[in-house]
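Novice: Structure below; questions to follow.
The values are calculated or read from the model by the stated rules, or taken from the named source; none is laboratory data. Model, not experiment: these values are computed from the prediction. Note that each Cβ is placed from the backbone with ideal geometry, even for glycine, and that neighbours are counted across all protein chains shown. Surface areas here come from the heavy atoms of the whole protein model, side chains and all, with no ligands, DNA or RNA. Shrake-Rupley method; radii C 1.70, N 1.55, O 1.52, S 1.80 Å.
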There are 2 protein chains.
Amino acid sequence: MAVRLDRSSGLTDQERIDWLRLIRSEHVGPRTFRALLDRFGSAAAALDALPDLARRGGAARPGRICSRAEAERELEGARALGARLIGLSEPDYPPALAAIADPPPLLAVRGNVSALRLPQIAVIGSRNASAAGLKIAQTLAHDIGAAGFGIVSGLARGIDAAAHRGSLASGTVAVLAGGQDVIYPPEHAGLLDDILQQGAAVSEMPLGWELRAADFPRRNRLISGLALAIVVVEAAKRSGSLITARLALDQGREVFAVPGSPLDPRAEGTNALLKQGATLVTEASDVVSVVTPIAGLPLQLGEQDDRQSAPPAGDPDADQRAAITGLLGPAPVSIDDLVRLSKASPAIVRMVLLELDLAGRLERHGNGLVSLI
Amino acid sequence: MAVRLDRSSGLTDQERIDWLRLIRSEHVGPRTFRALLDRFGSAAAALDALPDLARRGGAARPGRICSRAEAERELEGARALGARLIGLSEPDYPPALAAIADPPPLLAVRGNVSALRLPQIAVIGSRNASAAGLKIAQTLAHDIGAAGFGIVSGLARGIDAAAHRGSLASGTVAVLAGGQDVIYPPEHAGLLDDILQQGAAVSEMPLGWELRAADFPRRNRLISGLALAIVVVEAAKRSGSLITARLALDQGREVFAVPGSPLDPRAEGTNALLKQGATLVTEASDVVSVVTPIAGLPLQLGEQDDRQSAPPAGDPDADQRAAITGLLGPAPVSIDDLVRLSKASPAIVRMVLLELDLAGRLERHGNGLVSLI
């Protein structure tokens, strides 16, 4: 679907509804969405094919398909909230995010869409931050913002909130873990109103989505994905900020960290990042000097993309399906190995994986690794 | 003087007196000492030549030569204090120190000479240290010491004292800025007594030498020179510890630094070192894992050595002396350029420089650069 994903074409109203139905259907995530669009040429054709694909993948019952009425209700709800749903193929979709391996097909955006056109730097860290950490986050965000960058963060307590506050005037982007109508933590509703004056809030989740723990790492890939670089201000040993740093590296983003005393547990995570090669930051210029030369360059995928634009394949036969499924188990294997061992064509292997995916039986781990659930 | 400097030969009593007279004579520093030994084959012959060399170098009056009686008094005083004067050519001379560009020809050592045989790590930092810094220094020194390394430091208040205290049991070396009988700061006399139980105190200065500001950077080259690596625990922006780090780099030593908050002025120097490529330390294993593989290897000179073992040259004639001196001025020039521009042999150029040196008219900057004073 080279035409669909070259970011030149707006979606028609009908296409936007089809895209929304497809991504909101059961077992369809961002990677599966892309694979379906590649295979069937449009979201409408993919929606038609879903029940049969899931059945062939061995689903006990076909996954629930989002109805046209539901999709229209979500679009109407978004409009009422002042949010736009921007498609991956559209010019307003943030280009850095479009370059990750699993971009949301539709991104709900409130506030100033133009704030997303700035090159972005993520500033993140502990919820349980020290006074010094809060001051550093706010100062860094202010100064990096003044240098012409947008500041992305997660609206969380602590470092995230300080980063947003420091960059309210220059433009800051809050990435929500839930839908646009679910503000977490609730006491940051006023901060979000302030953010929306110059900046924006983005979400890939449906309106009304109730937050679960798994939503935070999923959201974190958007924080690093929107940004050219992430700056971790304070982070304990095992913390969400370190997960974001890991995702950022997978996405080929620069990782910066603020140092702290070895005796300060809130610096254990950032010091560990520095030992692993993150760039040390004490002031905004440490970030700006590194990021400015790359701000205009196209982003390169850090993670190998397991989607390839190949001509649509014929359907796999029962023997092929059995052979490929037989090679899969709970341990992740690479799609390349599946192709080699099954002696089937890459297109046939991808098709079988798509069927399993839609049957809710496949997990995709990134880097071309898959396993059975 | 390959024989003299290959560290296999002990000095006779007579030679030790001659060496001491030579290094204690006016205008003779460690580099000049080596040049004289190269040219004249022995300290005794060099002492005989000094007045004539200084006169040829244009000295208004010849430099004061240390008398035999003075040297004997110093040796006797050292013995009374329990200090040995170890020559650069002797087996007990610390091999790391022998590898720097300007090692003291004689090193006065009190305490356990065997402590100097351990591979050494310097742990240094601010006198005005924080409680956290003191704790980190003491813990690092203890743990690095327990891993089989000696800990070198400067007996100063703050980080230095904490480093010594942490490694009293495993062996620690105090490098004094003054003579062995000048304990600075005076309140560390008790700490020094404790150090001498297992460790040692070393000095290149004569007994009774009164401390001046210039003695500290000179001493600092011995701290880094004795060590395979230096660890800077806390350091303000412009501080003596950063000078030592600079010297350590010139000497080809590893530089480690402990990170701190960007808001803590005592971490400005260490964070700056980390930005310049020092290795980040939060615990002893960060140092030990890097240093252990190189602990048995011969040290390489970081700084280019401007001394070469060449056959003794004839004396320069008046024209050569005038030509070479005419090429010198207050701006440092390289000895290589002097050879090229004067068309004299390297041996003749070195001889003229030696004469100027002994006349108190030459400054040697290291890296083969010299200028007129």
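Novice: For the full complex of protein chains and a 1.4 angstrom probe, list B:ASP13, A:ASP264 by accessible area with the highest value first. Display every interim value, and only then the final one.
Specialist: On the way: B:ASP13 125, A:ASP264 45 Å².
Result, largest first: B:ASP13, A:ASP264.
Novice: Give me the three principal axis extents of the stretch B:1-119 from the C-alpha atoms, as integers in angstrom, largest value leading.
Specialist: Between the extreme Cα coordinates on each principal axis of the stretch B:1-119 lie 46, 31, 20 Å.
Novice: Nothing charged except the Cβ atoms of Lys and Arg (+1) and of Asp and Glu (-1): what's the magnitude of the dipole of chain A about its Cα centre? Round to the nearest 20 debye.
Specialist: On the way: 39 positive and 42 negative charges, 93 e Å.
Here chain A has a charge dipole of around 440 debye.
Novice: Okay, moving on. With every protein chain kept in the model, how would you rank A:THR139, A:THR32 by accessible area, 1.4 Å probe, largest at the top? Walk me through the intermediate numbers first.
Specialist: Numbers: A:THR139 65, A:THR32 5 Å².
Putting A:THR139, A:THR32 in descending order of accessible area: A:THR139, A:THR32.
Novice: So, one more: Please turn the phi angles of the stretch A:150-157 into ³J(HN,Hα) values with the Karplus equation 6.51 cos²θ - 1.76 cosθ + 1.60 (θ = phi - 60°), one per residue in order, whole Hz, x for glycine and proline.
Specialist: Coupling constants for the stretch A:150-157: x, 10, 9, 7, x, 6, 6, 5 Hz.
Novice: Just add up the charged neighbours of A:PRO103: K/R +1, D/E -1, any other residue whose Cβ is under 10 Å from the Cβ of A:PRO103. List each step's numbers first, then the result.
Specialist: Values: positive: A:ARG31, A:ARG34, A:ARG221; negative: A:ASP102, A:GLU204.
Once positives and negatives cancel, what remains is +1.
Novice: From largest to smallest, what semi-axes in whole angstrom does chain A give when each is the square root of 5 times an eigenvalue of its alpha carbon gyration tensor? Write out the running numbers ahead of the final one.
Specialist: On the way: eigenvalues 269, 112, 64 Å².
Over the Cα atoms of chain A, the ellipsoid semi-axes are 37, 24, 18 Å.
Novice: May I ask which residue of chain B has the beta-carbon nearest to the axis carrying chain B onto chain A, and at what distance in whole Å?
Specialist: B:PRO259, 2
Novice: When only DSSP loop residues count, what GluC sites (Glu not before Pro) in the stretch B:249-300 have their Cβ near at most 15 other Cβ atoms within 10 Å?
Specialist: Working: sites: B:GLU254, B:GLU268, B:GLU283; in loops: B:GLU283.
Hits after loop and neighbour filter: B:GLU283.
Novice: To the nearest whole number, what is the average tally of beta carbon atoms from other chains within 10 Å of the beta carbons of peptide B:248-260?
Specialist: The per-residue average across the peptide is 2.
Novice: To the nearest 20 debye, what is the magnitude of the charge dipole of the stretch A:113-203 about its Cα centre, counting +1 on the Cβ of each Lys and Arg and -1 on the Cβ of each Asp and Glu?
Specialist: Values: 5 positive and 6 negative charges, 42 e Å.
Around 200 debye, computed over the stretch A:113-203.
Novice: To continue, here is another question. In a shell of Cβ-Cβ distance under 11 Å around A:ILE373, excluding A:ILE373 itself, what net charge do Lys and Arg (+1) and Asp and Glu (-1) give?
Specialist: Values: positive: A:ARG361, A:ARG364; negative: A:ASP357, A:GLU363.
Its environment carries a net charge of 0.
Novice: Same structure again: So if the hydrodynamic radius of the protein assembly as shown is defined as the Kirkwood radius over C-alpha pairs, what does Stokes-Einstein give as its diffusion coefficient at 4 °C and 1.567 mPa s, in µm² per second? Write down the numbers at each step before the final one.
Specialist: Numbers: Rh = 30.6 Å.
Roughly 42 µm²/s, to the nearest whole number.
Novice: Suppose every Lys and Arg Cβ carries +1 and every Asp and Glu Cβ carries -1, with no other charges. What dipole size does the protein assembly as shown come out with about its Cα centre, to the nearest 20 debye? Write out the running numbers ahead of the final one.
Specialist: Values: 78 positive and 84 negative charges, 40 e Å.
Here the protein assembly as shown has a charge dipole of around 200 debye.
Novice: Hey, any idea what % of chain A's accessible area is carbon plus sulfur with a 1.4 Å probe? Don't jump to the answer; show the numbers that get you there.
Specialist: Working: 8110 of 15360 Å².
That fraction is 53 percent.
Novice: While we're looking at this one, here's another question. What average count of beta carbons from other chains do you get within 10 Å of the Cβ of residues in B:275-288?
Specialist: On the way: counts 6, 1, 0, 1, 2, 10, 3, 11, 2, 0, 0, 3, 0, 0.
Per-residue shielding by partner chains comes out at 3.
Novice: For the stretch A:68-120, which semi-axes, largest first and in whole Å, follow from the square roots of 5 times the eigenvalues of its Cα gyration tensor? Before the final figure, lay out each step's value.
Specialist: Working: eigenvalues 93, 41, 10 Å².
Sorted largest first and rounded, they come to 22, 14, 7 Å.
Novice: Which Cα, out of A:PRO103, B:ALA162, A:GLN320, lies furthest along the positive dipole direction of the protein assembly as shown (beta carbon charges, K/R +1, D/E -1)?
Specialist: Working it through, the farthest residue towards the positive pole turns out to be B:ALA162.
Novice: Now a separate question. Give me the net charge for the shell around B:ALA132: Cβ to Cβ below 10 angstrom, other residues only, Lys and Arg +1, Asp and Glu -1.
Specialist: Values: positive: B:LYS135, B:ARG266; negative: A:ASP264, B:GLU234, B:ASP264.
Overall, the nearby charge balance is -1.
Novice: Can you list, shortest first in nanometers, how far B:GLY277 lies from the same residue in the other copies, with each label 7 Å from Cα toward Cβ?
Specialist: Those separations, rounded to one decimal, come out as 1.7 nm.
Novice: Check the protein assembly as shown and count each lysine pair with an alpha-carbon distance under 24 angstrom, considering only pairs eight or more places apart or from different chains.
Specialist: Eligible lysine pairs with Cα atoms under 24 Å apart amount to 13.
Novice: Roughly how far apart, in whole Å, are the Cα centres of the stretch A:36-93 and the stretch A:256-273?
Specialist: The distance from the Cα centre of the stretch A:36-93 to that of the stretch A:256-273 comes to 43 Å.
Novice: Could you give each residue of the stretch B:84-98 its phi-based ³J(HN,Hα) in whole Hz, using Karplus coefficients 6.51, -1.76, 1.60 with θ = phi - 60°, and x for Gly or Pro?
Specialist: For the stretch B:84-98, the Karplus-derived couplings read 9, 9, 9, x, 3, 8, 8, x, 7, 5, x, x, 5, 5, 4 Hz, x marking Gly and Pro.
Novice: Mind ranking B:LEU327, A:LEU50 by accessible surface for me, highest first, 1.4 Å probe? Walk me through the numbers on the way to the answer.
Specialist: Numbers: B:LEU327 65, A:LEU50 10 Å².
From most accessible down to least: B:LEU327, A:LEU50.
Novice: So what are the ³J(HN,Hα) numbers for the stretch A:236-247, from phi and the Karplus equation (6.51, -1.76, 1.60; θ = phi - 60°), rounded to whole Hz, Gly and Pro as x?
Specialist: Along the stretch A:236-247, the couplings run 6, 4, 10, 9, x, 5, 6, 4, 4, 4, 4, 4 Hz.
Novice: Scanning chain B for trypsin sites (Lys or Arg not before Pro) in DSSP loops with at most 12 other Cβ atoms within 10 Å, what's the longest stretch left with none?
Specialist: B:65-211
Novice: Within the P(r) computed for the stretch A:171-282, what percentage of the Cα pairs occupies the region above 18 Å? Walk me through the numbers before you get to the answer.
Specialist: Values: 3419 of 6216 pairs.
Cα-Cα pairs in the stretch A:171-282 separated by more than 18 Å: 55 percent.
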